[in-house]
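Heads up: the structure comes next, in structure tokens.
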Amino acid sequence: MIRNIFFKTRLTLTIAMSKLLIKVCRLLRLGGTSLPGKVANKMFPGILKILAGNVRIIMVTGTNGKTTTSRIIAQILNENGISFFTNKSGANLLSGITTAFIEAARLNGRPAKDTALIEIDEAAFNKAADLVSPSVLVVTNFFRDQLDRYGELYSTLKSVRSGIGKTSGTVLVLNADDSLCASLGASNKSIYYGVSPEAYKESVENSNTDAMFCLYCKSRYEYSYHTYGHLGGFKCPNCGYERPTPHIECTRTERLADSYSEVGISISGKTIRAKINLPGVYNIYNALAAAACGYALGLPEEKTVAALQSFECGFGRMETIHASDKYIKLILVKNPTGFSQVINYLSTEKNEFLLAFAINDKLADGTDVSWLWDVDLEKLQQIQDKAIRIYTSGIRAEDMAVRLKYEGIPTGKISIVKDYKALINMGLDKTPAGGVFYILPTYTAMLEIRKLLKKMYRLDEFWE
Ligand SMILES: [Zn+2]
């Protein structure tokens with residue numbers, strides 16, 4: 001009895017303290033995302049387990065596309081009138097997730113909302129699985145992140161697998177075209193999504209360095225087609241491990257425009273036309289992952305399709321800012337595969353444009369910029385005539401300039417402009433009316449540029 005009262009008092013005290021801390025952090029503009037969770041875990045170890053006990057949890061993990069996929073799932077939940085809470089983008093480690101649950105909890109520890117949509121770092125999932133058991137786990141893909149060695153990619157996969165081993169009731173939503181991701185489906189109930197060769201395939205084989213060899217017997221995979229990176233129709237000629245048949249599949253693409261895609265999606269055999277309000281094949285995957293999550297939750301298809309269409313790209317991944325009669329498009333770049341996909345997307349641009357790369361090497365960006373050499377810039381070289389001017393900026397502007405030069409971009413076309421304000425003004429000045437100035441920043445460069453743009457064009461706070 002006394003023990004029970006002590007337990008409840010301590011829980012309430014911890015929640016109250018942490019809620020206060022969240023408010024103080026916000027007031028001081030510290031963002032308030034991970035510190036309160038950290039403090040709560042110190043005051044009440046394992047508090048997440050108690051707070052998560054009565055919540056239906058949807059988790060999203062994987063190397064690329066976590067934030068976009070989570071945002072599309074959020075839109076699907078909204079369309080269905082499901083009230084939920086979520087962690088802030090970037091706060092995807094245990095402390096940030098704990099903060100989200102504290103914010104959503106009443107003082108007695110009961111949740112104010114009974115559904116949570118949680119984006120989680122691949123490496124943090126195994127630890128989280130000791131405390132929470134998600135209803136659905138969406139895994140986007142596994143790619144080498146910046147300078148990861150092969151071993152690290154496989155140890156990340158192993159760690160996610162180990163986390164899944166602790167959650168037998170969790171329904172998995174997996175990328176059928178990724179041999180690494182699809183292999184997670186062995187134990188749990190799994191829903192697969194993928195892109196069919198009729199819908200999209202790269203004419204040339206991509207440099208597939210992430211997963212060339214069979215996970216089970218080390219034979220080299222044979223591919224019937226490639227979409228991008230190591231994704232596609234893989235099959236091991238030796239042990240027979242192959243791309244599973246997807247439940248949710250993009251079976252045709254009617255249009256791949258520079259800001260959206262029109263596709264046919266087959267959901268359990270029935271094909272539905274859908275407009276995905278985001279560009280590029282990598283976003284088709286994100287949309288499919290989200291649609292498969294809706295399917296796993298038993299939500300109606302028409303609401304899912306409506307969500308794909310009404311989805312608006314949020315902070316960071318790609319944001320369009322109107323600057324009188326011109327546009328600035330900010331697109332975050334953070335690893336070689338994602339960066340290469342953005343270049344791929346730029347190659348669909350039909351008009352002349354301005355382009356800037358803002359590369360920082362702070363902790364959140366990755367401190368070693370040699371990952372830039374793994375970015376596939378061949379397509380940029382092919383479309384260089386459309387780029388009126390290419391700027392490099394950020395702390396490592398010089399490195400990016402060298403990288404471009406090496407790719408065969410004429411040095412006369414490249415300017416190093418370190419000051420962001422000067423960069424924005426110069427770029428916009430040279431942008432033709434109705435045209436686009438693309439800025440591709442790393443994470444901390446994006447925060448700085450966005451802060452400036454916010455002053456100039458009154459943007460919304462990103463954590464609102
Ligand atoms: Zn094999």
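Any read-out appearing in this document is the output of simple, stated calculations on the displayed coordinates, not a laboratory observation. Remember, it's a predicted structure, so these values are computed and weren't measured experimentally. Here the Cβ is made from the backbone with ideal geometry for all residues, glycine too, and neighbour counts use every protein chain on show.
Note on LYS270: lysines with a C-alpha under 17 Å away, same-chain residues under 8 apart excluded, are LYS303. Answer rounded, prolate or oblate for the chain, using the Cα gyration tensor with square roots of eigenvalues a ≥ b ≥ c: rounded when a/c is under 1.5, else prolate when a/b is larger than b/c, else oblate. Oblate, since a/c reaches 1.5 and b/c is not below a/b. Taking the three principal axes of the alpha carbon atoms in segment 41-184, the coordinate ranges are 46, 37, 28 Å, sorted in descending order.
Based only on Cα atoms, what Rg/Rh ratio does segment 288-361 have, Rh being taken as Kirkwood's radius?
Values: Rg = 16.1 Å, Rh = 15.1 Å.
Reported Rg/Rh, Kirkwood definition of Rh: 1.07.
Measuring between alpha carbons in the structure, the pairs from LYS66/LYS455; LYS235/LYS334; LYS329/LYS413; LYS421/LYS451 lying more than 22 angstrom apart are LYS66/LYS455; LYS235/LYS334.
Normalised by residue number, the volume inside the convex hull of the Cα atoms of segment 109-194 is 110 Å³ per residue.
In nm², what is the average projected area of the convex hull enclosing the Cα atoms of segment 77-148? Present the calculation step by step, with values, prior to reporting the outcome.
Values: hull surface 24.1 nm².
Over every viewing direction, the Cα hull of segment 77-148 projects on average to 6.0 nm².
Projecting the Cα positions of ILE395, ILE424, ILE331 onto the charge dipole of segment 305-464 (unit charges on Cβ atoms of Lys, Arg, Asp and Glu, taken about the Cα centre) puts ILE424 furthest along the positive direction. Per residue, the convex hull around the alpha carbon atoms of segment 385-444 comes to 92 Å³.
Hey, got the dipole for segment 315-464? About the Cα centre, +1 on K and R Cβ, -1 on D and E Cβ, debye to the nearest 20? Walk me through the numbers on the way to the answer.
Numbers: 21 positive and 20 negative charges, 77 e Å.
My answer is approximately 360 debye.
What you get for segment 359-413, charging only the Cβ of Lys and Arg (+1) and of Asp and Glu (-1), is a dipole of about 300 debye around the Cα centre.
Helix hunt in the chain: which complete DSSP H runs extend at least 18 Å axially by C-alpha with mean Kyte-Doolittle at least 0.0? Could you put the intermediate results ahead of the total?
On the way: long enough: 2-27 (37 Å, 0.82); 66-79 (20 Å, -0.19); 150-164 (21 Å, -0.14); 281-296 (22 Å, 0.91); 443-457 (20 Å, -0.10).
Flagged H segments are 2-27, 281-296.
All Cα-Cα distances of segment 302-407, cut into 5 Å bins from zero to the largest, leave 2, 10, 19, 24, 19, 13, 7, 4, 2, 0 percent in each bin in turn.
Ignoring the sites themselves, what is the longest stretch of the chain with no trypsin sites (Lys or Arg not before Pro) in a DSSP loop and at most 16 other beta-carbon atoms within 10 Å?
219-349
Which percent, to the nearest 5, of DSSP beta bridges fully inside the chain are antiparallel? Among the beta bridges of the chain, antiparallel pairing accounts for roughly 40 percent. The ellipsoid that matches the Cα gyration tensor of segment 1-103 has semi-axes, each √(5λ) in whole angstrom, of 27, 17, 12, with the longest given first. Of all alpha-carbon pairs in segment 216-302, indicate the percentage at a distance above 15 angstrom. Counting pairs separated by more than 15 Å, the tail of P(r) holds 64 percent.
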